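Student: Structure provided below as structure tokens; questions to follow.
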Amino acid sequence: MAKLTIVFGVLLVVLGVAGFVMTGSSHPTSLIPCWFGLVLALSGALASGNDAKKRMLWMHIAVTVGLLGFLFPAVMSIKSLVKAHAQQVELAHPAAVHEQLIMAFVCLIFVVLCVRSFIAARRGRVA
């Protein structure tokens, strides 16, 4: 799971850099996925060791960051979509909403995979 965490971290970094470049490199908030991605990649790297307790700690930190990486952009993008729909206007920053939705989706997939892995690990210890 540690290698998969690094992969998801790299995906978020790529998303942030792509969003920054696609918006003309003028909106630094489009780099927010990079910070989440860096924390995930770092957590994955630190979870790669042999110590089971440290691996568990870093994977729980990673899934917490992933959950926050799902919740915040999901709420922000839904808020923007509802506001635009209620006022019957176009989105003020459609690129930001798209990036938030993609980040939320990527983080949701990561969290689901982590939870499944945690459940399998727990069943493996109990049995």
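Just so it is clear, none of the values below were taken in a lab; they were calculated from the coordinates. Predicted, not measured: the structure shown is a model, and the values here were computed from it.
Student: Report, in order of residue number, the helices in the chain meeting two criteria: a C-alpha extent of 24 Å or more along the helix axis, and a mean Kyte-Doolittle hydropathy of at least 1.0; treat each whole DSSP H run as one helix. Before the final figure, lay out each step's value.
Tutor: Details: long enough: 2-22 (30 Å, 2.39); 52-87 (52 Å, 0.82); 94-126 (48 Å, 1.32).
Span-like helices, by this rule, are 2-22, 94-126.
Student: If the chain were replaced by its equivalent ellipsoid, with semi-axes equal to the square roots of 5 times the Cα gyration tensor eigenvalues, what would those be, largest first, whole Å?
Tutor: Value: 32, 17, 9 Å, ordered largest first.
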